[in-house]
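Beneath this line is the structure, given in structure tokens, with notes to follow.
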Amino acid sequence: MNDRVKILDTIILSDNWYTLKKVVFEYQNAAGIWQHQTREAYDRGNGATILLYNKDQATVILTRQFRMPTFINGNKDGMLIETCAGLLDNDHPEDCIRRETEEETGYKITAVQKIFEAYMSPGSVTEILYFFVAAYEKEMKIGEGGGHPHEQENIEVLELDFTAALEMMKSGEIKDAKTIMLLQYAQINGLLM
């Protein structure tokens, strides 16, 4: 624990989708002075994401789906191209990403490699995201993917040439941070070369 932080009060502002909390606390700065502060934190749980790649074909599997926050922030159609991802829901990150990969993409992957973990928006969101990569082959496709209808997921599965995906990142067609991070990881580490 950090002895420079004293939580004074936590107020639930919303628990409709996930939990939005207002936290009142004191923080002792570097000069030793205690400062009274208030912050809001959105708790949606932790998640995992994965880049599926095929070295022989030089392709990656991505998804496209509607994201309301991007729509209300000016993304004209609200559609976002992303790597497969999901919330842990109390699962181990590797178990989660295997489940999500099958649900969203239809691929049943064998070996997964955790490459790092990161806070995506630490100023306001509590979520830590676990990043994975895995090779895929056509034979691993056991279903259509698309997500769970009861979760109102309408996910389109995309198989893209890796070079094209990198260009889409540069042109702004791919704007999702986790996807950009995984594509850059694949490029830097020569996963498809």
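The values are calculated or read from the model by the stated rules, or taken from the named source; none is laboratory data. Small disclaimer: the values here were computed from a predicted structure and weren't measured. Backbone-built Cβ (ideal geometry, glycine too); neighbour counts: all protein chains shown.
Those strands (runs of 3 or more DSSP E) of segment 2-121 in which at least 3 residues are under 23 Å from ILE155 (Cα atoms), considering only elements entirely within it, cover 47-54, 59-66, 79-82, 84-87.
Give the residue, chosen from GLU139, GLU144, that is surrounded by fewer than 16 Cβ atoms within 10 Å (Cβ to Cβ) and part of a helix (DSSP H, G or I).
Criteria check complete, one pass: GLU139.
If I filter segment 104-116 for residues that are touching a Cys at 6+ places or on another chain (Cβ under 8 Å) and assigned by TED's automatic domain parsing to the domain that holds PHE162, do I get at least one hit? Yes - at least one qualifying residue is present in segment 104-116.
Has segment 146-160 got at least one residue that is assigned by TED's automatic domain parsing to the domain that holds TYR53, under 17 Å from the mean Cα position of the chain (by Cα) and on the phi > 0 side of the Ramachandran plot? Checking segment 146-160: at least one residue is assigned by TED's automatic domain parsing to the domain that holds TYR53, under 17 Å from the mean Cα position of the chain (by Cα) and on the phi > 0 side of the Ramachandran plot. Here VAL24 fulfils each of the conditions (1) touching a Phe, Trp or Tyr at 6+ places or on another chain (Cβ under 6 Å); (2) free of Cβ contacts under 8 Å to residues at least 40 places away in the same chain; (3) among the aliphatic types (A, V, I, L, M); (4) surrounded by 11 or more Cβ atoms within 10 Å (Cβ to Cβ) apart from (1).
Being among the hydrophobic types (A, V, I, L, M, F, W, C), touching a strand residue (DSSP E or B) at 6+ places or on another chain (Cβ under 7 Å) and surrounded by 17 or more Cβ atoms within 10 Å (Cβ to Cβ) is true for just one of ILE109, ILE128. Which residue is that? Outline the logic, then answer.
Details: ILE128 fails: surrounded by 17 or more Cβ atoms within 10 Å (Cβ to Cβ).
Answer to the check: ILE109.
Listed by first and then second residue, the pairs linking a residue in segment 81-106 that is of a type in the set (D, E, K, R) to a residue that is surrounded by 21 or more Cβ atoms within 10 Å (Cβ to Cβ) and part of a helix (DSSP H, G or I), with Cβ atoms under 6 Å apart and 6 or more places separating them unless they lie on different chains, are GLU82/THR179.
Considering only residues in segment 153-174 that are touching a helix residue (DSSP H, G or I) at 6+ places or on another chain (Cβ under 7 Å) and closer than 14 Å to PHE66 by Cα, the one that is modelled with the lowest pLDDT turns out to be ILE155.
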